[in-house]
Every structure is written in structure tokens, then in C-alpha cells.
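Below: one structure, written as C-alpha cells.
The values are calculated or read from the model by the stated rules, or taken from the named source; none is laboratory data. Note that this is a predicted model, so its numbers are computed, not measured. Reconstructed Cβ throughout: ideal geometry from the backbone, glycine too, with neighbour counts over all protein chains shown.
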Amino acid sequence: MSDGLWAEPAANPDRVLGGGMWALPGLVDAHAHYARPSMDGEPGDPDGAAERAQAALRTGVMLALDKGWSDLTVVEMIDRLSPMERPDVEAAGIMTTVEGGYYPGFGRIVDATTLEAGIHDAGRESAGWVKLVGDWPRKGVGPMPNFTQEQLSLAVGIAGEHGARVAIHTMAIDVPSMAVRAGVQSIEHGLFLTEDDLEPLASRGGIWVPTVLNMEAVLTQLGAESSGGKLISAGLDNVSRLLPLAAEAGVHVLAGTDLAVPSERVGEEAVGLHRLGLSREQAVRAVSTAGFAATGRNHAFEVGSPADAVFYDENPMIEPAVLGHPAMIVRRGSVIR
């Protein structure tokens, strides 16, 4: 290793790093929220965010896609911590929503007259992502769209001017397809994606982060017989049917914790994805190489690529639960565990 990159091996090395172990280039949490440990509506906690990012790195998370908060805690953390202290982080800043379209007082509120300016602000403040709350339950009605398809298309275009991609929270029936048609790059939850959405999403290198552990937790919280619980249950059935089709179509299906478990336990989301329909190999890719590929990162163990690796005593492709038990972690060429 040289300057944190993989290098040609020296002649007659006296030891082999990770000999006899199984290695991945790192784990990826594609729906993290490092600002707080739970969705409590409070402002981000800078010290806690740093601790959560550091804990994730110590368990092998080398890349996190943080999908925003009510402030810029995580965007600011990226500069505060060195890459040796945290995973690589791409982050949204303040989530964008509409009046009544999310938790009260949380995020940037826009309307038809302020949407354009709001997305410009979100793009300027971001570290790679703009997060939209695409739908939200209204009392007695259920999840309703917060934006039109035309507004979503506008958001994608404006975010792109700032070098950012758009991720959208969606649990409603029609909104995932609207978002795909609008060019949104990452579908978060996406309980009601359709087969017709898969090819266009895959063709542009699009991402789907089902967050199955979070969705199952919401189902438990609401109760299976509630109207919301029945909607979530139907959505999870759809996810289970669609997951293998999405992976086969070339959609980047990724694992994301979304506060259901801490980021350092993202391997449990891979187990959940396998339980709902991905093969073992697809589930491991969803929490590792697929995330690097979706963000344009070199994930091969090649000379000149980042010297990051997570080693396991057993093959996670055979048993994904192994992901939660790394034997050794290398970050930028240094063994940190």
C-alpha cells in the first residue's frame, strides 16, 4: 500500500494482509441519518453525528449516503472529520417539503412560488444530494403527493446545475412512478415502484433503497390492521416481488438503515433484503459493491484504488449475517480494527 492506495506487492512479502479471509471493499449505508440517533424532530447533534460516523467506520462502513435533516449538521461534519475518522460521505442538507407534507417544523418548506429558489438553496448547500419528501399522509386520506411530476422534473434539473442528484422519500402509490418519469436518481422506500419503472431507472444508473427494516418497523408501529399498516404491508409485498426483478434489470438496489438500526449495523439490512427476495450474492452487493458502482467509485482491489477493505473469517456470499462480524478493517492502508 502507498499513500492510502493499493500498490504492487513488494518482493518476498513477509506477511499477507487478510490471508485466508474473505474481503469486501467496504460496506455502504445508502440511507443514513447521522445527525440524530432517531427521528425525534430535534436539530442535529454535531458531536453525536461524528460519533455515529466513527462507529460506522469501525464496523466497515466505507461509504454513507446521508439523506438529510432539518439542518446542515452532516454536511458540516464532512469537513470537520478527516477521511480516516469517518466513511466517505455524500449528503443532502436540509430536506425539502411542503406545508403539511412532513413532520411539523422539520425541513425547508416550499410552495409553487418558492420551489425553484428552494431547490437552488438545497443544491448549493448539499454534498452531492438534494432530498425531497415526495409524499406524506393526510388525515383520513393517506399518503398524498407533495409535488407534481413537473415540479419533480424541475427539481432534478436545478439540483443538477449544482452537481447534485435528487433522492425522494416516497411511500404513496403513484409517486414512485412520477419520480422515475421525472428523472429522480434515487427512490427511497419506493414501496409501490412498478415493473415499468425498472428499465428507465436502470438505464440512467438509478438507485432504489427499499429500507426494509425501517418499513417493517413502521408496520409494527402502526399495527397490521390499521389503514396505514395495510398500505405498508401491501407495499412490502410489492417490494418482495420486485426486488429480484430490479436487480436483474440493472437498478442499483442498495441497503440503507434509515434509523431502523444504527449505521454500523447496515449488514442487517442486507439480511432483510435477502429475506425479501434478493439472492445472497445480490444482498451482499446491495450493501457493498453496488453502492460504490452507483456513486462512480472504483470498488475493485486494483493498484491505485483506495486501500479500503473489510475482512471476514467466513464467506458473506454464503451467509450474509457474517457481515455484522468483521475480522479486520483496513482504511486507506491502515488497519483500524
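Being in contact with a Lys or Arg (Cβ under 9 Å, 6 or more places away or on another chain) and at pLDDT 95 or above is a property that does not hold for S177.
Here is a yes/no grid of residues against (1) surrounded by 17 or more Cβ atoms within 10 Å (Cβ to Cβ); (2) modelled with pLDDT of 95 or more; (3) on the phi < 0 side of the Ramachandran plot:
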site	(1), (2), (3)
H274	yes, yes, yes
G277	yes, yes, no
E281	no, yes, yes
A294	yes, yes, yes
V303	no, no, yes
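Spot the failing condition for S153; the list is (1) out of contact with any strand residue (DSSP E or B) (no Cβ under 8 Å at 6 or more places or on another chain); (2) under 26 Å from V89 (Cβ atoms), and only one is missed. Every listed condition holds for S153 apart from (2).
Per the conditions (1) aliphatic (A, V, I, L, M); (2) under 18 Å from V89 (Cα atoms); (3) in a strand (DSSP E or B), the sole criterion not satisfied by A122 is (3).
In the range 291-305 there is no residue matching the filter, namely being farther than 26 Å from Q54 by Cβ, assigned to a helix (DSSP H, G or I) and among the aliphatic types (A, V, I, L, M). When the range 251-270 is limited to residues that are of a type in the set (A, V, I, L, M, F, W, C) and surrounded by fewer than 24 Cβ atoms within 10 Å (Cβ to Cβ), the one that is nearest to Y312 (Cα to Cα) turns out to be V261. Summed over the range 49-74, residues that are in a helix (DSSP H, G or I) and touching a helix residue (DSSP H, G or I) at 6+ places or on another chain (Cβ under 9 Å) total 10. Among the residues of the range 83-107, those that are farther than 21 Å from V133 by Cα and more than 15 Å from the chain's Cα centre (by Cα) comprise P83, M84, E85, R86.
Are any residues in the range 23-61 in contact with a Lys or Arg (Cβ under 8 Å, 6 or more places away or on another chain), under 30 Å from E302 (Cβ atoms) and either surrounded by fewer than 24 Cβ atoms within 10 Å (Cβ to Cβ) or modelled with pLDDT under 95 (or both), and if so, which ones? Those that are in contact with a Lys or Arg (Cβ under 8 Å, 6 or more places away or on another chain), under 30 Å from E302 (Cβ atoms) and either surrounded by fewer than 24 Cβ atoms within 10 Å (Cβ to Cβ) or modelled with pLDDT under 95 (or both): Q54, R58, T59.
Summed over the range 233-267, the residues that are out of contact with any Asp or Glu (no Cβ under 7 Å at 6 or more places or on another chain) and outside any helix (DSSP H, G or I) give a count of 9. Can you name the residue in the range 75-117 that is in contact (Cβ under 8 Å) with a residue 40 or more places away in the chain and in a helix (DSSP H, G or I) and is also surrounded by the fewest Cβ atoms within 10 Å (Cβ to Cβ) among such residues? If we take residues in the range 75-117 being in contact (Cβ under 8 Å) with a residue 40 or more places away in the chain and in a helix (DSSP H, G or I), then E116 is surrounded by the fewest Cβ atoms within 10 Å (Cβ to Cβ). Might you let me know whether the range 307-317 holds any residue that is surrounded by 15 or more Cβ atoms within 10 Å (Cβ to Cβ), under 17 Å from L5 (Cβ atoms) and modelled with pLDDT under 95? Yes, because at least one residue in the range 307-317 is surrounded by 15 or more Cβ atoms within 10 Å (Cβ to Cβ), under 17 Å from L5 (Cβ atoms) and modelled with pLDDT under 95.
Considering only the range 315-336, state which residues are farther than 18 Å from V266 by Cα and over 23 Å from the mean Cα position of the chain (by Cα). Listed by number, the residues that qualify are G333, S334, V335, I336.
Those strands (runs of 3 or more DSSP E) of the range 125-207 in which at least 2 residues are out of contact with any helix residue (DSSP H, G or I) (no Cβ under 8 Å at 6 or more places or on another chain), considering only elements entirely within it, cover 128-133, 135-138, 165-170, 186-189.
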